[in-house]
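A quick write-up on the structure given underneath.
The values are calculated or read from the model by the stated rules, or taken from the named source; none is laboratory data. What you see is a predicted model; the values in this text were computed from it and never measured. Using ideal geometry, Cβ is built from the backbone for each residue, glycine included, and neighbour counts are taken over all protein chains shown. Ligands, DNA and RNA are excluded from the accessible area calculation, which covers all protein heavy atoms including side chains. Shrake-Rupley method; radii C 1.70, N 1.55, O 1.52, S 1.80 Å.
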Amino acid sequence: MIYEDPRHYDERASVAGACSTNLGIEFPALVDTIENTTEMAYTAWPDRLYLIDSSGRIAYRSEAGPFGFKTDQLSKALEQLAGQENNRLAK
């Protein structure tokens, strides 16, 4: 299906939801503001995967996608971050 470029956040969220459903994406996805503030802050174009820690800092940044998406590297970063968070909470 082809969608027109959303003009409002609600339209953008609706298109994102439809894409997630149609593509079978099973992980949570966040939708940027209509002004693209997150994309501009993190220079996410071309596509990149980011892992943000509980302090709001970048814990992992992939290479440009889709060929730069290394799921094994992301898995390791997730495990490392989870370990750090568990250690922090245990103190």
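List of remarks:
- For Val15, the accessible surface of its heavy atoms amounts to roughly 30 Å² (probe 1.4 Å, protein chains only, rounded to the nearest 10).
- Rounded to 10°, Cα long-axis angle of helix 71-90 versus longest principal axis of the chain: 60
- Surface calculation, 1.4 Å probe, protein heavy atoms: Asp10 sits at approximately 120 Å² accessible.
- In the context of the full set of protein chains, residues of the chain present 82 Å² of accessible surface per residue (probe radius 1.4 Å, heavy atoms only).
- Loop GluC sites (Glu not before Pro), the chain, which have at most 16 other Cβ atoms in a 10 Å radius of their Cβ (DSSP): Glu4, Glu26, Glu35, Glu63
- Residue among Gly17, Gly65, Gly56 with the largest mean-square fluctuation in a Gaussian network model of the chain, springs linking Cα atoms under 10 Å: Gly56
- Sulfur and carbon atoms: percent of accessible area, the chain [1.4 Å]: 55
- Size estimate for the chain follows the Kirkwood approach: the inverse of mean 1/r over distinct Cα pairs works out to 15.2 Å.
- Ranking Gly17, Ala64, Met40 by how far each Cα lies toward the positive end of the dipole of segment 1-76 (charges on Cβ) leaves Ala64 at the top.
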